[in-house]
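Encoded as structure tokens, the structure appears first; notes follow it.
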Amino acid sequence: MRFTDVIVLFVILGVFSPVFAGEITALRKMDCRIEQLREENDSLSFISESFYKTCEGRGFSSLEEWKSVCKRLWQLESIDWEYVSYGMADEGQLICGRWSGSDGVKKIYCRKRSPFGG
């Protein structure tokens, strides 16, 4: 290689290095955002599905257990549930679960069937 080739190579590398660095930074930010969205999706799926299953008698042994496990597992600021309405025997009770964490406040509703109802 001649000396001029080396100089041209260094100039080209000097010009494109910031471009490559910017692209790597953008890819890293995108990767972090994807990981954050994946964690939010996983927590939303787990909390809501376990709430439904617990209301149906298939998940945790009680909603209090659901509450304590989910709070510890997903580092939630708060999580609670309450009876919204007491329906007729064939309708069951409407229960609202709500929680707040780093991704905001979420609510979910489920109708808990009574063991003697429809």
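Checked against (1) under 17 Å from the mean Cα position of the chain (by Cα); (2) of a type in the set (S, T, N, Q); (3) farther than 14 Å from Lys106 by Cα, Ser48 passes all but a single condition, namely (3).
Looking only at residues in the range 25-43 that are open to solvent by 70 Å² or more (accessible area, probe 1.4 Å) and not charged (D, E, K, R), which one is farthest from Ile108 (Cα to Cα)? Talk me through it step by step, then tell me what you get.
Initially, the range 25-43 is screened for residues open to solvent by 70 Å² or more (accessible area, probe 1.4 Å), giving 25, 27-31, 33-39, 41-42.
Next, from what is left, pick out any that are not charged (D, E, K, R): 25, 27, 30, 34, 36-37, 41.
Working: Thr25: 37, Leu27: 34, Met30: 29, Ile34: 24, Gln36: 21, Leu37: 19, Asn41: 15 Å.
Across the range 25-43, the extreme among qualifying residues is Thr25.
Suppose we filter Gly14, Gly22, Gly59 for residues that are open to solvent by less than 80 Å² (accessible area, probe 1.4 Å), small (Gly, Ala, Ser) and touching a Lys or Arg at 6+ places or on another chain (Cβ under 7 Å); which single one remains?
On the way: Gly14 fails: touching a Lys or Arg at 6+ places or on another chain (Cβ under 7 Å); Gly22 fails: touching a Lys or Arg at 6+ places or on another chain (Cβ under 7 Å).
Only one candidate qualifies: Gly59.
Yes/no per residue for (1) part of a loop (DSSP other than H, G, I, E, B); (2) at pLDDT 90 or above:
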residue: Glu65; (1), (2): no, yes
residue: Trp81; (1), (2): no, yes
residue: Asp90; (1), (2): yes, no
residue: Ser100; (1), (2): no, yes
residue: Val105; (1), (2): no, yes
residue: Arg111; (1), (2): no, no
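Can you pull out the residues in the range 44-56 that are charged (D, E, K, R) and either part of a helix (DSSP H, G or I) or surrounded by 16 or more Cβ atoms within 10 Å (Cβ to Cβ) (or both)? Matches in the range 44-56: Glu49, Lys53.
The values are calculated or read from the model by the stated rules, or taken from the named source; none is laboratory data. Predicted model only: the values in this text are computed from it and were never measured. Quick reminder, even Gly has a Cβ in these numbers, built from the backbone with ideal geometry, and neighbours come from all protein chains shown. With ligands, DNA and RNA removed, areas are computed over all heavy atoms of the protein, side chains included. Shrake-Rupley method; radii C 1.70, N 1.55, O 1.52, S 1.80 Å.
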